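This report refers to the structure that appears directly beneath it.
The values are calculated or read from the model by the stated rules, or taken from the named source; none is laboratory data. This one's a predicted model, so the numbers in the text were calculated from it and none came from an experiment. A quick note on method: Cβ atoms are made from the backbone with ideal geometry, for glycine too, and the neighbour counts reach across all protein chains shown. Areas reflect the complete protein model, heavy atoms only, side chains present, ligands, DNA and RNA absent. Shrake-Rupley method; radii C 1.70, N 1.55, O 1.52, S 1.80 Å.
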Amino acid sequence: MSNRSYLCSSPLPGIYPSFAADYDPDVQTLANDVYCIPLLWPVLFTPEDFQQADFEVDGEIVVGRAPSAARSKVLETLRRRREVIAQAFAEFGELAPYMDMLELAIRDAPYEYISIEMDEIAALNDPEEEFNEAFEQLLSRLDAPDQEICEQLIALAAMEHSWPLPSVRLHLDNLEGSDDDYWNHCRVLGAGSDVSGMGRPVPWEAA
């Protein structure tokens, strides 16, 4: 197991679109990251978007939980939370440009539904259900985030406590940055095909 999370696009509602035989990661994987869920991905979803479904894996029924919603709703949620999230993270750096880049990636997604595949991250926790419950609770508090919520998002994203955040154009403009800068940049948005070697190109990386 690679212990990655994936931001995905799908023509159908529901969670874990990669379980479908016709899933094309080069088209449908919008971004990905390893050993974490990037900081801004939970901001896209509400508790009502957190779903449960049964899947057959190697002849066994596995219960999956993850967020999924129509692209129009995801974009509305991101825009509605934009100001409060930017304000909550003001001491850490400027998040508004990062949210702009994420919005571009979602607007350019090939299909109507957006989801996070997070089973490989949940599996790092024992028991997984406690992780899922904590994630759902986190989604319920993102309309009015406080310092505790900021720290939860930072921990979930496995970020280094090295502030301020680098410019969102770190890769695009070949800016100088420390190892922590490159680490944190990826942990805010995830990586696309240029940095990770998988998925689609993303607006925040060089084409």
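A count restricted to region 1-36 and to residues that are modelled with pLDDT of 95 or more, open to solvent by 20 Å² or more (accessible area, probe 1.4 Å) and under 23 Å from ALA158 (Cα atoms) stands at 4. Within region 166-178, can one find any residue that is part of a helix (DSSP H, G or I), exposed (fewer than 15 other Cβ atoms within 10 Å of the Cβ) and of a type outside the set (Asp, Glu)? Checking region 166-178: not a single residue is part of a helix (DSSP H, G or I), exposed (fewer than 15 other Cβ atoms within 10 Å of the Cβ) and of a type outside the set (Asp, Glu). When ARG141 is tested against (1) closer than 19 Å to THR46 by Cα; (2) in a helix (DSSP H, G or I); (3) charged (D, E, K, R), exactly one condition is not met: (2).
Scanning region 54-79 for residues that are open to solvent by 30 Å² or more (accessible area, probe 1.4 Å) and either among the aliphatic types (A, V, I, L, M) or in contact with a strand residue (DSSP E or B) (Cβ under 9 Å, 6 or more places away or on another chain) (or both) gives ASP54, PHE55, GLU56, VAL57, ILE61, VAL62, VAL63, ARG65, ARG71, LYS73. Just to be sure before I move on: is ALA122 small (Gly, Ala, Ser) and surrounded by 14 or more Cβ atoms within 10 Å (Cβ to Cβ) in the structure I sent? Criteria met by ALA122. Residue by residue through region 80-112, note down the ones that are in contact with a strand residue (DSSP E or B) (Cβ under 9 Å, 6 or more places away or on another chain) and among the charged types (D, E, K, R). Scanning region 80-112 gives ASP108, GLU112. Look at ASP181 and say whether it is assigned to a helix (DSSP H, G or I), more than 16 Å from the chain's Cα centre (by Cα) and closer than 20 Å to LEU30 by Cβ. In short, no. In this entry, GLU148 is excluded by the filter for residues that are closer than 21 Å to SER2 by Cβ, out of contact with any Phe, Trp or Tyr (no Cβ under 7 Å at 6 or more places or on another chain) and either at pLDDT 95 or above or part of a helix (DSSP H, G or I) (or both).
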